[in-house]
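These notes are about the structure you will find just below.
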């Protein structure tokens, strides 16, 4: 039902759609992503006024490498939609903080752990690891024990706040 | 029952100052109130009525490190948190002691990871280590008694804050 609505108002945007456990996941085209999200947020047919989470997936060795997952919910119509966007390692994704304030911290988390950059984000700093941390730990090519596991730990090397 | 029965005729008690000070210190080890992970809940359970850490004079969890003697590092110490833990340790005035509670605080435990300090002894000196994941309250009390025994063997001039 949602797919028909989207196809009617914005034809040709959906690259692929998956139904999984009664929830719809759609892959959208990168070029029209921001206007599509704006449409979902403000259009009377959708009114997805709640962005529950932003997550990232590293599909290492597949190109494009990353996937962004936006979980949307419409209080008005009680519908849920998962929007997925394929991004490559050098891509800069427009921040969704202009439409949903709740995108702020999840996007910082995605930036921190996967290294995907967002444009127009109000405060794109690391959120979980410390400020001078090097690398992005959720990437599949990040060594789990870190680069300096066998050296004695020095707390002065951690820069916090 | 009490001491008064033995001391009712103006008696004199003779001891040396080391034993006297160590007796006082070992029976009033006040811990610093802070917890890092699930071990902290066992630490709280230790202070409740069934285990009653007050029997050892350590029930007074101090919210300010300035008033504490003992730091119970209860839980996983991440590298980001290590800065604050070291600062709290440095804020505790001498004499001070440290218990590394549980596998994580002692060795890093199951977290062989980029983000976890592999044992708090890498950043602060530790007196007693407790194994377990998490250790039961009895284990914490056993560690406390071990620490009391250790304090009773200390020489007054062996502490780092005493001038030679």
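Taking a quarter of the surface of the Cα convex hull of the protein assembly as shown, what do you get in nm²? Mind dumping the intermediate values first?
Working: hull surface 97.8 nm².
Mean projected area for the protein assembly as shown: 24.4 nm², to one decimal.
What is the angle, in °, between the Cα long axis of helix A:33-42 and the longest principal axis of the Cα atoms in chain A? Nearest 10 is fine, range 0 to 90.
In chain A, helix A:33-42 runs at an angle near 60 degrees to the longest axis.
What does the average come to when, for each residue of peptide A:139-150, you count the partner chain Cβ atoms lying within 10 Å of its Cβ? If you can, show how the numbers build up before the last one.
On the way: counts 0, 0, 0, 1, 1, 4, 6, 6, 1, 1, 5, 1.
Rounded to a whole number, the mean comes out at 2.
Write down the percent of antiparallel bridges among all DSSP beta bridges whose residues are both part of the protein assembly as shown, to the nearest 5.
55 percent
For residue B:30 and residue B:50, FRET efficiency with R0 = 22 Å and r from the beta-carbon atoms, rounded to 0.05?
After rounding, the FRET efficiency stands at 0.55.
Could you compute the FRET efficiency for residue A:119 and residue A:148, with r as their C-beta to C-beta distance and R0 at 30 Å, rounded to 0.05?
Working: r = 32 Å, r/R0 = 1.08.
The calculated FRET efficiency here is 0.40.
Please build a GNM for chain A, connecting alpha carbons under 10 Å apart, and tell me which residue among A:25, A:17, A:145 fluctuates the most.
Fluctuation is largest for A:145.
Just tell me how shielded B:72-78 is by partners: mean number of partner chain Cβ atoms within 10 Å of each residue's Cβ, no decimals.
1
Please state the shape class of region A:2-56: rounded when a/c is under 1.5, otherwise prolate if a/b exceeds b/c and oblate if not, all from the C-alpha gyration tensor.
Working: a/c = 1.21, a/b = 1.08, b/c = 1.12.
In terms of gyration-tensor shape, rounded.
What number does region A:2-157 give for Rg over Rh if you use C-alpha atoms and the Kirkwood radius?
Rounded to two decimals, Rg over Rh is 1.03.
Sort B:106-118, A:56-68 by packing, meaning the average of other beta carbons within 10 Å per residue, with the highest value first.
In descending order of packing, they fall as B:106-118, A:56-68.
Using Cβ contacts closer than 10 Å as the measure, can you line up B:133, B:32 from fewest to most?
Ordered by Cβ neighbours within 10 Å, fewest first: B:133, B:32.
Per-residue ellipticity at 222 nm for the protein assembly as shown, helices alone: DSSP H runs ≥ 4 residues times -39500 (n - 2.57), over residue total, nearest 500 deg cm²/dmol?
For the protein assembly as shown, the value works out to -8000 deg cm²/dmol.
Based on DSSP, what percent of beta bridges with both residues in chain A are antiparallel, to the nearest 5? Kindly include the intermediate steps, with their values, before the conclusion.
Values: 23 of 31 bridges.
For chain A, the DSSP antiparallel bridge percentage is about 75.
Whole percent per 10 Å bin, from 0 to the bin with the longest distance: what is P(r) over all C-alpha pairs of chain B?
Spelled out per bin, shortest first, that is 10, 36, 32, 15, 5, 2, 0.
Below 8 Å between Cα atoms, with a sequence gap of 6+, how large is the relative contact order for region B:29-152 in percent?
27 percent
If you take every DSSP beta bridge whose two residues both sit in chain B, what share of them, in percent to the nearest 5, is antiparallel?
10 percent
Report, as a whole number in µm² per second, the diffusion coefficient that Stokes-Einstein gives for region B:73-150 at 10 °C and 1.306 mPa s using the Kirkwood radius over alpha carbon pairs. Kindly include the intermediate steps, with their values, before the conclusion.
On the way: Rh = 12.7 Å.
So the translational diffusion coefficient is about 125 µm²/s.
Count, for each residue of B:80-90, the Cβ atoms from other chains sitting within 10 Å of its Cβ, then give me the mean as a whole number.
Rounded to a whole number, the mean comes out at 3.
Can you give the relative contact order of region A:2-157 as a percent, counting alpha carbon pairs under 8 Å and 6+ residues apart?
Rounded, it is 16 percent for region A:2-157.
Using r as the Cβ-Cβ distance of residue A:18 and residue A:134, and R0 as 35 Å, what FRET efficiency do you calculate, to the nearest 0.05?
FRET efficiency, residue A:18 to residue A:134: 0.50.
Every number here is computed from the coordinates shown, using simple stated rules; none is lab data. Every value quoted in this text rests on a predicted model; they were computed, and no experiment measured them. Every residue, glycine as well, gets a Cβ built from its backbone with ideal geometry; the counts of neighbours run over all protein chains shown.
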